[in-house]
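Following: one structure in structure tokens, then a few remarks.
The values are calculated or read from the model by the stated rules, or taken from the named source; none is laboratory data. In this text, all values refer to a predicted model and were calculated from it rather than measured experimentally. FYI the Cβ positions are ideal-geometry reconstructions off the backbone, even for glycines, and counts take in every protein chain you see. Accessible surface is based on the protein model in full, side chains and every heavy atom, while ligands, DNA and RNA are left aside. Shrake-Rupley method; radii C 1.70, N 1.55, O 1.52, S 1.80 Å.
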Amino acid sequence: MSGVTGTTGTSGTTGTTGTTGTTGATGTTGTSGTGVAVGTSGEVLLSVQGLNAFYGRAQILFDVALEVRRGEVVALMGRNGAGKSTTIKSIMGLVERRQGQVRFMGDDISRERSHRIARRGLGYVPEDRRIFTDLTVTENLEIGRQPPRTGAPEWSPRRLFELFPNLAEMPHRLGSRMSGGEQQMLTVASTLMGNPTLVMLDEPSEGVAPLIVEQMARMIAGLKRDGLAVLLSEQNIHFAALVSDRAYVLEKGQIRYSGTMRELQANAEVRSAYLEV
């Protein structure tokens, strides 16, 4: 993964000002007022506060705040262009101009290059299926290998083939001869070979066949059972609801809602305002 040096400052405010009740479609619901859902427990692995991001002169993110705890799946939801991918890329150090604080496992990674962030155990699966098309499935997996980490699941090609039966049927197939869904699975598997503590998935259900979407859902549920934390960028609420514990909803680069996935499913007003096309 290529490293990009970011310009990171501090921004002392967060973008959500809701209460523990419902403030309607224009506010946040079920939050503590800091972008963090009430009632969560467990060790915080990823904490983001006051995240702003820019492409040229255009500001894309505005004081984004979120957190992910060990062993939970958190969905970052919103329509196309809401800022989901930019949020994940900013966390990973791939947006050059950004401000705010990002902490991973207690350490401030706001100013670190992306390859160093990856070595800490923060995995990133981009939307555009980055594999080596001139290498086989097995060779792609070996390239992603990193040493085991304390407190993180340990992955091997054999274990990944159990998680992704489709890949087990084609260990010697070149990446260029795989379908889009198979390439997506291989991208996830290659990231897991790095033995991450937390993995960020950018739109894993986008543009793949329904059967692959089902397999992706089972895969994410399996990762959760193994104790891996997941930050999932997604606009498909039906897919997100199958695997996610909590959700944040983005609109025009701002967190507009945070709460449990069950609360989001029950809140027709928020879904209509920020998710439905």
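Condition first: surrounded by fewer than 24 Cβ atoms within 10 Å (Cβ to Cβ) and farther than 13 Å from ALA82 by Cβ. Now tell me which residues in the range 231-258 satisfy that.
The answer is ASN236, ILE237, HIS238, PHE239, ALA241, LEU242, VAL243, ASP245.
Considering only residues that are acidic (Asp, Glu) and outside any strand (DSSP E or B), which ones fall in the range 231-277?
ASP245, GLU263, GLU269, GLU276
In the range 84-104, what residues are in contact with a helix residue (DSSP H, G or I) (Cβ under 9 Å, 6 or more places away or on another chain), in a loop (DSSP other than H, G, I, E, B) and more than 20 Å from SER190 (Cβ to Cβ)?
VAL95
Among the helices (runs of 4 or more DSSP H) contained in the range 147-210, which hold 3 or more residues that are open to solvent by less than 30 Å² (accessible area, probe 1.4 Å)?
Those helices (runs of 4 or more DSSP H) span 180-192.
Kindly evaluate VAL213 against the criterion of being in a helix (DSSP H, G or I), open to solvent by 20 Å² or more (accessible area, probe 1.4 Å) and aliphatic (A, V, I, L, M).
Considered against the rule, which asks whether it is in a helix (DSSP H, G or I), open to solvent by 20 Å² or more (accessible area, probe 1.4 Å) and aliphatic (A, V, I, L, M), VAL213 comes out as yes.
Consider only pairs whose beta carbons are under 7 Å apart and that are at least six residues apart or on different chains; among these, list those whose first residue lies in the range 251-264 and is within 16 Å of PHE54 (Cα to Cα) and whose second residue is open to solvent by less than 10 Å² (accessible area, probe 1.4 Å) and hydrophobic (A, V, I, L, M, F, W, C).
GLU251/ALA82; LYS252/ALA82; GLY253/LEU61
What residue, of VAL64, VAL74, VAL95, is under 19 Å from ARG116 (Cβ atoms) and either in contact (Cβ under 8 Å) with a residue 12 or more places away in the chain or open to solvent by 50 Å² or more (accessible area, probe 1.4 Å) (or both)?
VAL95
Say whether the condition of being open to solvent by less than 20 Å² (accessible area, probe 1.4 Å), in a loop (DSSP other than H, G, I, E, B) and more than 20 Å from GLY56 (Cβ to Cβ) is met by at least one residue in the range 105-114.
Checking the range 105-114: at least one residue is open to solvent by less than 20 Å² (accessible area, probe 1.4 Å), in a loop (DSSP other than H, G, I, E, B) and more than 20 Å from GLY56 (Cβ to Cβ).
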